[in-house]
Amino acid sequence: MKAVSPKKGKKAKTCAIEEIWNLRLYVAGQTPKSITAFANLKKICEEHLDGKFSIEVIDLLKNPKLAKGDQIVALPTLVRKLPEPIKKIIGDLADTERVLVGLDIRPVQG
Amino acid sequence: MVKAKHDVDVLEKCLTGIKGLDEITKGGLPKGRPTLICGSAGSGKTLFAMEFLMRGAMDYGEPGVFMTFEETPEDLAKNFISLGFDLHDMMSRGLIAMDHVYIDRSEIEETGEYDLEGLFIRLGNAIDSIGAKRVVLDTIEALFSGLSNAAILRAELRRLFHWLKERGVTAIVTGERGDKLLTRYGLEEYVADCVILLDFRIDEQISTRRLRIVKYRGSSHGSDEYPFLIDEAGLSILPITSLGLDYPVSKGRIATGIPKLDTMLDGKGFYRGSTILVSGTAGTGKTSMSATFADAACRRGERCLYCAFEESPSQIIRNMGSIGIDLAQWVKKGLLKFHSARPSLYGLEMHLLTFHKEIDNFNPQVFIIDPISNLNAAGTESEVKSILTRLIDHLKMKNISTFLTDLTRFTGSLEHTSEEISSLIDTWLLLRDIELNGERNRGLYILKSRGMAHSNQIQEFLLTNQGIDLIDIYTGSGEILTGSARAAQDAGEKASELVRRREVDRRIREQERKRNALETRIAALRAEFEVETQEVHLMADEEQKRQVVLAEDRLEMAHLRKGNPSSPQAKRSKKKREGSVK
């Protein structure tokens, strides 16, 4: 689908697009998976988005009604609200390559 | 393990409200457990599920959650409006909650471990929002195309079904039919309590929907394939099996519409609620008999459902008008209803279902099929027999008198009914041709009639412009005569009888005349005698008068002679004389 070479992504600085990356992480309580997912997300964002991001964690156990709006089925789910289009990544975000592909974060050319 | 469960508590069931389903499942789906409905595309899974929810909400006070994975709520609402359910209205009244779960694979990336807790939360939230007792997941297998990690999905589905049981909701899960498995992804593995298979089959260009309960743990259930129908009133399922032979019977009798036939049947006609078959070759008057029976029923104020497979209602009405039966008046009064369809219009099961529906709607006391032999066009003989058995059982349960006609072929025995349904029939009338002296005439006899002393005579069957008439066939001098031969024989007999009667009359008149003559003579003699008697009396009177005159004369003469010395003496002697005269 996405013609992004996973090899290149490692060292390259990601392109800091002008806008803020608005990310939303849906979890259900403090489960091991949700904690791992949040940690992985934070790490990836700090490495590749250079501070231009905001992470909103939504606990569906507290706000179950919010699940419907973003069509959440699996947990944890990371939703890229901005920049558009909306992207979703499910799982504990352990595979950084796939997260970068999923979020469409392109490496900046040297 | 399963058995142990049963010992603890009797399986509770949840009425679906779907016509017929609660009968074959003996009380509905397992309460508080998930049921799998599987079937190929277009087999009616979604409709089944939706009707389950709607009936629950409307009739049983059990709100329901519809979680759709395929169709959007707008599309669903449109579909259900066409079946008479207003989804939006029910949603606003808190009877139904709808959640559309939509997964677009192109916008989803999977990284690492995940679970379907989001789905659980959404479902839980929907259940809690209206206090739902029923849940539908349609079609949960869509998850397999949205998410790639089948191992996780399977584990999560197993957890989901456990979770549904824990929540105590009666759930319906639909699944697409697979090649080898009941469902494409083997959902039947997880939903172990009750599995219902919907099938949509086309045999010889005739499609039939069928339903089968593949499995119903802890409950007995009908195991056959049951045909079902989807129409503007939703789903209706028809139990294919015989309902047993324990129906109540009626001792009441109903007139056949032909007085002579009533006489042949013990003088009272058919039993109410019995099954009557009239068989005969073409043109023997089967339809006329049906119409007469229908007419008689309507005259009693009963409702009659007439299923015509050969002729259109207007044609029957016109033709019956020619033998003096006015069926149009009963149609107008709403007592007679025609149901006419070509037998090949749809499958036999569909016919049976439509019969059931018509019967339930119209609630007739008399039901006529004219003719049943045409059903052969829609199925094999054994199928026809099975259909008729079920139909007759149903009619008997309702105590509806059934009148069937059957066209027998010219070849073969007349008593052979193509469907071999003789055992189902209570009264069997046979119409046959009697060919004699270059004429073809109709004869009718009673082949059998259970529970009554019926006539064994063959009657000549006449269609007159005042309806059907039965005439005794001439069986006088060792031969059977019908038609004009019978008429000639009758005429000959009538002539000789007339001659005899005239002879007798003549004798009687002659005797009368003799008597009259005698009387006249007696009267004359008596008159003569009277005259003589009067003459005798007259003579006696005159003699007396003469004597008196004579005596007076003698006295006068004596007076004139003055022979007496004194007048006193004379006076005295006169007195003496007078006294002596006296």
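The values are calculated or read from the model by the stated rules, or taken from the named source; none is laboratory data. Treat the numbers as computed from the prediction; the structure is a model and nothing was measured. With ideal geometry, Cβ positions are generated from the backbone for all residues, glycine too; neighbour counts draw on all protein chains shown.
General remarks:
- Flag if B:I202 is aliphatic (A, V, I, L, M) and at pLDDT 80 or above: no
- For first residues located in the range A:20-31 and more than 13 Å from chain B (Cβ to nearest Cβ) and under 16 Å from A:G69 (Cβ atoms), partners that are among the hydroxyl-bearing types (S, T, Y) and surrounded by fewer than 22 Cβ atoms within 10 Å (Cβ to Cβ) and lie 6+ apart or on another chain with Cβ distances below 8 Å form the pairs A:N22/A:S54; A:L23/A:S54.
- Qualifying residue in the range B:159-177 (condition: facing chain A (nearest Cβ under 10 Å) and closer than 21 Å to B:Y190 by Cα): no
- In the range B:320-348, residue surrounded by the fewest Cβ atoms within 10 Å (Cβ to Cβ) [restricted to those that are hydroxyl-bearing (S, T, Y) and closer than 27 Å to B:V384 by Cβ]: B:S344
- Which numbered condition B:I152 fails, given (1) among the hydrophobic types (A, V, I, L, M, F, W, C); (2) crowded, with 23+ Cβ neighbours inside 10 Å; (3) within 14 Å of another protein chain (Cβ to nearest Cβ); (4) not in a strand (DSSP E or B): (2)
- From the list B:R158, B:R201, B:R212, B:R122, the lone residue that is in a strand (DSSP E or B), of a type in the set (D, E, K, R) and in contact (Cβ under 8 Å) with a residue 12 or more places away in the chain is B:R212.
- Residue selection: B:G443 satisfies the criterion of being in contact with a Lys or Arg (Cβ under 7 Å, 6 or more places away or on another chain), in the same structural domain as B:L277 (by TED's automatic domain parsing), small (G, A, S) and surrounded by 10 or more Cβ atoms within 10 Å (Cβ to Cβ).
- Pair list, Cβ < 9 Å and 6+ apart or interchain, from the range A:39-62 residues that are under 11 Å from A:Y26 (Cα atoms) to residues that are among the hydroxyl-bearing types (S, T, Y) and buried (at least 18 other Cβ atoms within 10 Å of the Cβ): A:V57/A:Y26; A:V57/A:S34; A:I58/A:Y26; A:D59/A:Y26; A:D59/A:S34; A:L60/A:Y26
- Of the residues making up the range B:1-21, those that are under 39 Å from the mean Cα position of the chain (by Cα), at pLDDT below 85 and of a type in the set (D, E, K, R) number 1.
- Residues that are assigned to a strand (DSSP E or B) and facing chain A (nearest Cβ under 7 Å) within the range B:90-119 comprise B:D99, B:I108, B:E109, B:E110, B:D115, listed in sequence order.
- Reported count of residues in the range B:427-465, each being farther than 17 Å from B:G267 by Cβ and outside any strand (DSSP E or B), is 4.
- Flag for B:E74 being at negative phi, part of a loop (DSSP other than H, G, I, E, B) and at pLDDT 85 or above: no
- Selection within the range A:58-69 - within 9 Å of chain B (Cβ to nearest Cβ) and surrounded by fewer than 16 Cβ atoms within 10 Å (Cβ to Cβ): A:L61, A:K65
- Pair list, Cβ under 8 Å, 6 or more apart: the range B:492-513 residue of a type in the set (V, I, T), other residue exposed (fewer than 10 other Cβ atoms within 10 Å of the Cβ) and at pLDDT below 90: none
- Criterion violated by B:I258 - all others in (1) modelled with pLDDT of 75 or more; (2) more than 19 Å from B:K26 (Cβ to Cβ); (3) not assigned by TED's automatic domain parsing to the domain that holds B:G379 satisfied: (3)
- Listed by position, the helices (runs of 4 or more DSSP H) enclosed by the range B:255-338 that each have at least 2 residues that are under 13 Å from B:I368 (Cβ atoms) and among the β-branched types (V, I, T) are B:286-299.
- Residues that are in contact with a Ser or Thr (Cβ under 6 Å, 6 or more places away or on another chain), of a type in the set (A, V, I, L, M, F, W, C) and surrounded by 14 or more Cβ atoms within 10 Å (Cβ to Cβ) occur in the range B:308-319; there is at least one.
- Subset of the range B:281-306 [on the phi > 0 side of the Ramachandran plot and touching a residue at least 40 places away in the same chain (Cβ under 8 Å)]: B:G285
- Qualifying residue in the range A:77-87 (condition: outside any loop (DSSP other than H, G, I, E, B) and within 7 Å of chain B (Cβ to nearest Cβ)): yes
- Residues located in the range B:40-56, provided they are modelled with pLDDT under 90 and among the small types (G, A, S): B:S40, B:A41, B:G42, B:S43, B:G44
- In summary, B:V135 fulfils each of the numbered conditions (1) out of contact with any Asp or Glu (no Cβ under 7 Å at 6 or more places or on another chain); (2) within 11 Å of chain A (Cβ to nearest Cβ); (3) β-branched (V, I, T) with the single exception of condition (2).
- Flag if B:S106 is under 30 Å from B:S148 (Cβ atoms) and without any contact (Cβ under 8 Å) to a residue 12 or more places away in the chain: yes
- The range B:127-146, residues that are part of a loop (DSSP other than H, G, I, E, B) and farther than 13 Å from B:F69 by Cα: B:G131, B:A132, B:K133
- Single match in B:I196, B:I140 (criterion: closer than 28 Å to B:M90 by Cβ, within 14 Å of chain A (Cβ to nearest Cβ), among the β-branched types (V, I, T) and in contact with a Gly (Cβ under 9 Å, 6 or more places away or on another chain)): B:I140
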